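A.B. asks: Just passing along the structure, written as structure tokens.
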Amino acid sequence: MQKSALSFSAIVSVLLVFAAVIPAASDTETSHPLRDSWMLALKMGDAAKAASFFTPNATSMPPGFPTNVGRKAIEQFYSDSFVLLKLEDLEMQVKERHQDGPNTTREHGTYKATWVPKDGSAPYTVTGRYLFIAKRQPDGRWLISWEMHTIEAKVSADQL
């Protein structure tokens, strides 16, 4: 049970990477290739590729598990999860995005994810809220530096 919960939380963290790599509104022309690459990494269960959307010293704080610090730790967390679960569907609703200077973006919103356990048990859907901080890298890419999320049965609009 603990390994399954670890996997679920790691996969949710991967989903939040997706939100973190979306550039600020002024950089929308770069959002689609990045989104497509991230989604492909998720669908393929590629932990190394999914972790590559984090800065080298990033922090990921999944609910109910220890904080993961650094890309290698995040990659291991995802790797353990991808052994057990596959992403079937993802919806994310951005509530607010703030550009904090030219090199930092923070965003929060809600998500809904459907997972298929690889042991053949029934798929399940989870919802929650997310928060991330993304940093523009010297090469112009946006990568997540801080990420945390909740897992909730339902998040009403007035709680955002």
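A.B. asks: Kindly indicate whether residue 112 is open to solvent by 50 Å² or more (accessible area, probe 1.4 Å), among the basic types (Lys, Arg), within 25 Å of residue 140 (Cα to Cα) and modelled with pLDDT under 85.
C.D. replies: No, not satisfied.
A.B. asks: Would you tally the residues in segment 63-105 being small (Gly, Ala, Ser) and over 25 Å from residue 120 (Cβ atoms)?
C.D. replies: Total satisfying the criteria: 3.
A.B. asks: Out of 122, 48, which single residue is modelled with pLDDT of 85 or more, hydrophobic (A, V, I, L, M, F, W, C), open to solvent by 40 Å² or more (accessible area, probe 1.4 Å) and in a loop (DSSP other than H, G, I, E, B)?
C.D. replies: 122
A.B. asks: Identify, by number, the condition in (1) small (Gly, Ala, Ser); (2) surrounded by fewer than 16 Cβ atoms within 10 Å (Cβ to Cβ); (3) at pLDDT 85 or above that residue 37 doesn't meet.
C.D. replies: Single failed check for residue 37: (3).
A.B. asks: Which one is nearest to residue 142 (Cα to Cα), of the residues in segment 90-108 that are modelled with pLDDT of 80 or more, loosely packed, with under 13 Cβ neighbours inside 10 Å and acidic (Asp, Glu)?
C.D. replies: That would be 100.
A.B. asks: Tell me, which residue of segment 56-80 that is in a helix (DSSP H, G or I) and among the polar types (S, T, N, Q) is surrounded by the most Cβ atoms within 10 Å (Cβ to Cβ)?
C.D. replies: 79
The values are calculated or read from the model by the stated rules, or taken from the named source; none is laboratory data. Please read all numbers here as calculations on a predicted model, not as lab measurements. Note: ideal-geometry Cβ built from the backbone for every residue, glycine included; neighbour counts use all protein chains shown. Surface accessibility is based on the protein's heavy atoms, side chains included, excluding ligands, DNA and RNA. Shrake-Rupley method; radii C 1.70, N 1.55, O 1.52, S 1.80 Å.
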